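> Would you mind keeping the following structure in view while I ask a few things?
Bear in mind these aren't lab numbers, they're just calculated from the coordinates by the rules spelled out. This structure is a prediction, so every number in the text was calculated from the model and none was measured. Cβ atoms come from the backbone with ideal geometry, glycine included; neighbour counts cover every protein chain shown.
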Amino acid sequence: AEMRALIFELRPGHLEELGLEQALRMHASAVQGRTGLPIHVDCTLVPRAPLAVEDALYRIAQEAIHNVVKHAAASKVEVRLDEADDGLRLRVIDDGVGFDPAGTPAGHLGLGTMRTRAEGVGGHLALDSRPGAGTRLEVSVPLPPA
C-alpha cells in the first residue's frame with residue numbers, strides 16, 4: 001500500500017480520471033497514514049479544470065504538504081479547494097512554527113517551484129507566514145469561460 005502511495009505521488013495517474021479533489025484526498029490520506037499528521041481536505045463543489053491546471057494545483061499542494069511535514073512541526077493541516085473570482089483557489093494552512101519568507105535559505109527550491117507552477121497556468125501564489133504563527137499558502141488560478 002505504501003509503495004502504491006509513493007508511486008501515486010510521483011505520477012498521479014488517476015488525476016485525469018478522478019479529478020483534483022479525489023487526488024488531493026488520496027494524497028492527504030497517504031501522507032497522514034505515513035506520518036500521523038492530521039490533514040483535513042475541504043473541497044466545495046468545483047468544476048473540472050483543464051488537466052494542466054489540475055496537475056499544477058495538485059503538485060503545489062503536494063509540495064506544500066511536504067514542506068509542512070519536513071519543516072513546520074505542525075499538529076494539523078487544512079487543504080481547501082473552492083471557486084473564487086472566475087477560477088479555482090487552493091489553500092494549504094498549517095498551525096506549525098512558521099517562518100520568515102524573506103529569509104528562505106539558498107538552495108531551497110520548493111517555494112520557487114510552486115510559484116513557477118502557479119504562474120505557468122496563469123495563476124498567482126500568495127504566502128503568509130511568520131515565526132510562531134503557522135503558514136498559509138494560497139494559489140488562485142483563473143479558468144476559461146465554460
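> Among Thr44, Met114, Val68, which residue has its Cα positioned farthest towards the positive end of the charge dipole of segment 24-146, with +1 placed on the Cβ of Lys and Arg, -1 on the Cβ of Asp and Glu, and the dipole taken about the Cα centre?
So the residue furthest toward the plus end is Val68.
> With viscosity set to 1.002 mPa s and temperature to 20 °C, compute the Stokes-Einstein D of the chain, Rh being the Kirkwood radius across alpha carbon pairs; µm²/s, no decimals. Let's see the in-between values first.
Working: Rh = 15.4 Å.
The diffusion coefficient I find is 139 µm²/s.
> Once fully extended, how much extra length lies between Cys43 and Asp95, figured as 0.36 nm per residue of separation less the alpha-carbon to alpha-carbon distance?
Working: separation 52, 0.36 × 52 = 18.72 nm, distance 1.95 nm.
Gain on extension, Cys43 to Asp95, equals 16.8 nm.
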